[in-house]
1. Give the stretch 34-63 a look and list any residue that's of a type in the set (D, E, K, R) and modelled with pLDDT under 90, or say none.
2. Quick check on this structure: which one of ASP125, ASP119, ASP140 is modelled with pLDDT under 90 and charged (D, E, K, R)?
3. Can you report the number of residues in the stretch 98-108 which are touching a helix residue (DSSP H, G or I) at 6+ places or on another chain (Cβ under 7 Å) and surrounded by fewer than 23 Cβ atoms within 10 Å (Cβ to Cβ)?
4. List the residue pairs whose Cβ atoms are under 7 Å apart, where the first residue sits in the stretch 18-41 and is under 18 Å from CYS102 (Cβ atoms), the second is assigned to a helix (DSSP H, G or I) and within 16 Å of the ligand (Cβ to nearest atom), and the two are 6 or more positions apart or on different chains.
5. Quickly run through the stretch 42-68 and pick out the residues that are within 16 Å of the ligand (Cβ to nearest atom) and either within 28 Å of THR113 (Cβ to Cβ) or of a type in the set (Asp, Glu) (or both).
6. Could you please find all residues in the stretch 60-76 being in a loop (DSSP other than H, G, I, E, B) and either surrounded by 16 or more Cβ atoms within 10 Å (Cβ to Cβ) or of a type in the set (Val, Ile, Thr) (or both)?
7. Taking MET39 as meeting all but one of (1) within 16 Å of the ligand (Cβ to nearest atom); (2) in a loop (DSSP other than H, G, I, E, B), write down the number of the exception.
8. Confirm whether GLN89 is within 16 Å of the chain's Cα centre (by Cα), more than 22 Å from GLU16 (Cβ to Cβ) and more than 12 Å from the ligand (Cβ to nearest atom).
Amino acid sequence: MTLERDNPGFFLTTVESALGWARKYSLFPYPFVTACCGMEFMAVSCSHYDTDRFGAALPRFTPRQADLLFVVGTVNHKLAPVLLRIWEQMAEPKWCVAFGACASSGGFYDNYTTVAGIDKILPVDMYIPGCPPRPETVIDALMHLQRNIQRSRQPIIGEHGGKQAHPELPELLGKPIDTRLQDLA
Ligand code: SF4
């Protein structure tokens with residue numbers, strides 16, 4: 001009680017620090033892989049570079065069990081609603097990494113089909129440059145992200161809220177995904 005009176009933020013800071021430490025070392029990545037950067041993602045995930053060391057190892061192939069979205073490769077407008085849906089299904093608190101030039105900015109695809117950076121539709125926490133990025137760059141970004149997680153406020157209830165409308169997006173974005181094809185299969 002003495003400590004709390006002397007420094008009102010002491011207990012809150014301690015809890016936040018412990019939560020941040022736990023969260024940064026228990027990241028469950030969801031790899032959303034669309035293009036050639038995927039090879040580099042596989043390389044960095046395997047034994048040679050071993051992201052296991054950083055507490056960010058076990059890829060979850062269901063968004064409901066993941067809290068770190070790796071968008072790896074080019075995202076076109078047709079695919080954007082699917083990416084958005086996956087982000088909305090992920091557990092809070094969650095983080096998003098744009099892996100490579102295409103995910104970060106559209107890369108060299110300056111055309112009408114490609115989303116010019118996933119930050120047009122998602123809140124991106126970390127950008128990884130390169131075409132494709134070197135594994136060392138990915139690891140550096142991962143460590144930066146972990147430091148940011150540790151230093152940031154630790155909300156008990158999530159605040160991201162998913163969708164961020166952007167005027168450049170086609171009208172298609174935001175409409176429900178048509179699942180009729182699944183019924184036909
Ligand atoms: S950044 Fe380069 S390697 Fe990565 S998906 Fe784009 S074109 Fe392929």
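1. Selection gives ASP50, ASP52, ARG53, ARG60.
2. Result of the check over ASP125, ASP119, ASP140: ASP119.
3. Of the residues in the stretch 98-108, 1 are touching a helix residue (DSSP H, G or I) at 6+ places or on another chain (Cβ under 7 Å) and surrounded by fewer than 23 Cβ atoms within 10 Å (Cβ to Cβ).
4. PRO31/PHE41; PHE32/LEU83; VAL33/PHE41; ALA35/CYS102; CYS37/GLY100; CYS37/CYS102; GLU40/PRO135
5. Of everything in the stretch 42-68, those that are within 16 Å of the ligand (Cβ to nearest atom) and either within 28 Å of THR113 (Cβ to Cβ) or of a type in the set (Asp, Glu) (or both) turn out to be MET42, ALA43, VAL44.
6. Correct list: ARG60, THR62, ALA66, ASP67, GLY73, THR74, VAL75.
7. It is condition (2) that MET39 fails.
8. So GLN89 fits the description; yes.
The values are calculated or read from the model by the stated rules, or taken from the named source; none is laboratory data. Only a predicted model underlies this, so the values are computations on that prediction, with no experimental measurement involved. Note: ideal-geometry Cβ built from the backbone for every residue, glycine included; neighbour counts use all protein chains shown.
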